[in-house]
Amino acid sequence: MSTVELGAHLGLPEVVAVARQGARVVLPPAVRERVARGSAMVSQLVQQRRPVYGITTGFGKFSDVTISPEETAALQRNLLMSHACAVGDPLPQEVVRAMLLLRAQALSHGHSGIRVETLELLVKFLNLGVVPVVPEQGSLGASGDLAPLAHMSLPLIGLGEAYVNGERLPGAEALARVGLEPVTLTAKEGLALINGTQAMTALGCLGVYDAQTLLKTADIAAALTAEALGAIPAAWDPRIQKLRLHPGQQATGRNLRRLVEGSRLVTRPGQVRTQDPYTLRCLPQVHGASRTAVAHVAEVLGWEMNAVTDNPLLFPEEGEVISGGNFHGQPVALALDYLAIAVAELADIAERRIERLVNPQLSGLPAFLTSNGGLHSGLMITQYTAASLVSENKVLAHPASVDSIPSSANQEDHVSMGTTAARKARKVMANVRRVLAIELLCAAQALEFRGPERLAPATRAAYEAVRQRVAPLDGDRVMTPDIESLAEMVHSGELVSAVEKVIGELE
């Protein structure tokens with residue numbers, strides 16, 4: 001898609017289109033009108049000097065400190081500067097673009113009190129390619145992603161740093177480079193910009209989108225391995241899957257049956273063995289469980305990316321302002337911990353399939369898939385790498401959301417750690433891509449001994465996609481470039497596209 005309309009219902013495709021593909025964001029008149037109503041209400045509250053959190057008072061523990069109208073602009077500027085204390089490597093630019101979109105979407109509902117011109121500047125950042133530099137560590141995920149969102153917002157006022165066409169510049173210079181002027185924030189605007197869950201949600205949205213590709217890739221890699229090992233597809237019979245009731249399991253079963261349809265390498269029960277090991281026989285149950293989990297996380301993020309998550313919230317029609325806790329990241333934190341666990345399991349079972357491919361006692365193929373073992377080690381150490389990545393994922397899959405460290409003098413006394421969960425999930429997915437790349441590498445090599453011409457049409461397309469990037473192993477060579485090339489093929493969706501051109505869209 002070339003444009004995304006702010007204020008309309010966002011889904012994962014819209015977030016990805018803006019974050020990765022540079023889709024233009026449009027600010028409709030209806031959004032401008034409701035945002036203006038909220039901003040007008042803030043002006044009234046300031047003029048009336050009503051004690052309203054974050055508008056005429058300080059923040060957090062300082063919520064009892066009254067702020068005069070003359071101090072409003074300084075309060076908002078100070079808020080951004082004081083909260084911009086994140087550390088670590090910058091978040092990827094695609095993540096920050098997703099943050100900008102999601103924050104603008106939350107503000108577009110008109111309950112946050114931001115002015116139209118400030119919202120417009122966020123949209124201009126996206127459309128002109130200004131990407132704030134946001135360090136990745138520092139959010140507790142409770143009063144929203146305060147530190148990351150503060151860094152995201154600094155260039156709006158001419159501070160911080162931002163990328164323009166890949167060049168990292170001071171905030172004011174980045175604005176000037178694209179012909180923009182910094183804004184002077186008024187009452188509530190600083191708080192509206194940084195009170196929200198958009199860092200964790202941005203990471204989560206891109207993560208779920210990638211996880212959906214990984215689920216399909218895992219089925220394709222498993223099908224290639226199944227054919228290389230002469231597996232028994234009878235275990236994937238639809239009658240078995242139907243009795244279990246789980247939709248993810250049934251979808252995986254359908255994928256696997258379509259992938260191996262027409263194969264001359266798979267076997268019948270008793271033809272070679274009575275039944276397969278769990279890594280082949282239980283593919284619908286294991287991959288299917290991850291598929292169901294990812295679908296749940298996608299549903300949670302679908303709610304969150306269209307939610308209003310700051311505080312306090314304005315209701316101009318009723319003339320009310322209500323202080324609450326929509327900024328708390330617990331719903332997203334739990335979901336993203338679940339995402340990390342679900343995706344990690346794809347690598348967990350894939351590593352065991354890799355072992356079956358390279359172990360001659362389990363595969364019946366040459367040891368480590370080399371025809372000249374001893375002089376050559378073949379793919380022996382690729383299994384070591386896969387095992388290392390899987391072991392690392394076990395650490396990363398420990399839930400962040402079970403932790404809480406009180407902050408703001410115990411005013412904010414329970415936090416979600418949702419952005420930690422999101423960052424861990426992203427790392428897990430990078431590891432899983434490489435494990436699946438190793439399985440594809442090993443399965444394709446195993447098929448050199450089994451006869452790739454006997455593959456099913458769908459898996460033949462997968463095999464050929466692998467071979468376009470990686471040649472068969474005819475002697476030892478450095479394997480890292482092969483693994484990374486295949487991991488990129490997985491990440492880009494190139495492998496899935498090659499297969500879907502043959503059999504239609506996978507589930």
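When each of the peptides 23-32, 446-455 is scored by how many other beta carbons lie within 10 Å of its residues on average, the order from highest to lowest is 446-455, 23-32.
The modelled label-to-label distance between R20 and E464, using points 7 Å beyond Cα along the C-beta direction, is 2.4 nm.
What FRET efficiency comes out for L362 versus H296 if R0 is 45 angstrom and r is the Cβ-Cβ distance? Round to the nearest 0.05.
Details: r = 34 Å, r/R0 = 0.76.
About 0.85, to the nearest 0.05.
Extension gain, E33 to S371, is 114.5 nm, computed as 0.36 nm per intervening residue step minus the present C-alpha separation.
Multiplying each eigenvalue of the alpha-carbon gyration tensor of the range 65-198 by 5 and taking the square root yields semi-axes of 21, 17, 14 Å, largest first, rounded to whole angstroms.
When the alpha carbon gyration tensor of the chain is reduced to an equivalent ellipsoid, its three semi-axes come out at 50, 22, 20 angstrom, largest first. Volume per residue for the range 341-445 equals 91 cubic angstrom (convex hull of Cα atoms).
Simple spin-label estimate for S404 and E392 gives 3.2 nm between the two label positions (7 Å along the Cα-to-Cβ direction from each Cα). Here the average projected area of the convex hull drawn through the C-alpha atoms of the range 304-350 stands at 3.9 nm². Summarised as an ellipsoid, the range 242-312 has semi-axes of 38, 12, 9 Å, derived from the eigenvalues of the Cα gyration tensor scaled by 5 and square-rooted, with the largest first. How many angstrom lie between the Cα centre of the range 183-245 and the Cα centre of the range 85-136? Distance between centres, Cα-based: 24 Å. Here K242 is the anchor, and the lysines within straight C-alpha reach of less than 22 Å, apart from those fewer than 8 places off in the same chain, are K216. Annotation: lysines with alpha-carbon distance below 27 angstrom to K188 (same-chain offsets under eight excluded): K61, K124. Relative to the current alpha-carbon distance between F315 and M380, full extension at 0.36 nm per residue lengthens the span by 17.0 nm.
Seen from V178, the other residues with C-beta closer than 12 Å to its C-beta sum to a net charge of -1, counting Lys and Arg as +1 and Asp and Glu as -1. Annotation for E505 and S485: the two label points, set 7 Å from Cα along the Cα-Cβ direction, are 3.1 nm apart. Given a Förster radius of 35 Å and the C-beta distance between N165 and D64 as r, what FRET efficiency does 1/(1 + (r/R0)^6) yield to the nearest 0.05? Once the sixth-power term is evaluated, E becomes 0.15. Helical content of the chain, expressed as a calculated mean residue ellipticity at 222 nm, amounts to -18500 deg cm²/dmol (DSSP H runs of 4 or more residues, -39,500 (n - 2.57) each, divided by residue number, nearest 500).
When the Cα gyration tensor is reduced to axis lengths a ≥ b ≥ c, the ratio a/c is 1.5 or higher for the range 39-135, and with a/b not above b/c it is classed as oblate. Within the accessible surface of the range 23-77, defined with a 1.4 Å probe on protein heavy atoms only, the carbon and sulfur portion equals 54 percent.
The values are calculated or read from the model by the stated rules, or taken from the named source; none is laboratory data. Please read these numbers as outputs of a predicted model, since none were measured by experiment. Positions of Cβ are backbone-derived with ideal geometry, glycine not excepted, and every protein chain shown enters the neighbour counts. When the accessible area is computed, the model is the full protein with side chains, heavy atoms only, and any ligands, DNA or RNA have been set aside. Shrake-Rupley method; radii C 1.70, N 1.55, O 1.52, S 1.80 Å.
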